[in-house]
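Data block below; observations after.
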Amino acid sequence: MGNAVVHFELMSREPEKVSGFYAKVFDWKVTHHPEINYRIVETGAEGEMHGINGGIVKPDKPGPWPGNMLFYILVVDLAAYRKKVLAAGGKIAIEEQKVAGMGKFCLFTDPEGRMMGLWKAKAR
């Protein structure tokens, strides 16, 4: 048995801007905790493909920081979310592509250039 991904962190130069981007596009609840210089992210994912929660932080030391990370966010309509990404200040890096027998994805970048994926699972 493998090890499940249980948390993510986004290192950010402008955590308030990045938090707003993800809250606007995906309706994530982001709670700022200034006493620990951290923003807790609750994705609210439910259903067959359970999601994970994470955090957004501005490191208290100068770079270099750990590299960008890529994770996939489950959505029901890739086209609608591509539009939301663009409206919120992101960019589409790779348009919709099929993964045989599994689903479809596209890649986007947030306002700081961090690449993420949108995932639409194949209907069962």
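The values are calculated or read from the model by the stated rules, or taken from the named source; none is laboratory data. Here the structure is a predicted model, which means the values were calculated and not measured. Heads up, the Cβs are rebuilt from the backbone with ideal geometry, glycines too, and the neighbour counts pull from every protein chain shown. What goes into the accessible areas is simple: the full protein's heavy atoms, side chains included, and nothing from ligands, DNA or RNA. Shrake-Rupley method; radii C 1.70, N 1.55, O 1.52, S 1.80 Å.
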Candidate set from segment 11-35 (those that are more than 18 Å from E112 (Cα to Cα) and out of contact with any strand residue (DSSP E or B) (no Cβ under 9 Å at 6 or more places or on another chain)); member that is surrounded by the most Cβ atoms within 10 Å (Cβ to Cβ)
D27
Out of segment 21-54, which residues are in a strand (DSSP E or B) and either of a type in the set (D, E) or within 13 Å of V75 (Cβ to Cβ) (or both)?
E42
Being free of Cβ contacts under 8 Å to residues at least 40 places away in the same chain, under 24 Å from R13 (Cβ atoms) and open to solvent by less than 50 Å² (accessible area, probe 1.4 Å) is the filter; apply it to segment 79-124 and report the residue that is farthest from the chain's Cα centre (by Cα).
I92
Within segment 49-56, is even one residue touching a helix residue (DSSP H, G or I) at 6+ places or on another chain (Cβ under 6 Å), surrounded by 16 or more Cβ atoms within 10 Å (Cβ to Cβ), over 14 Å from V6 (Cα atoms) and modelled with pLDDT of 95 or more?
no
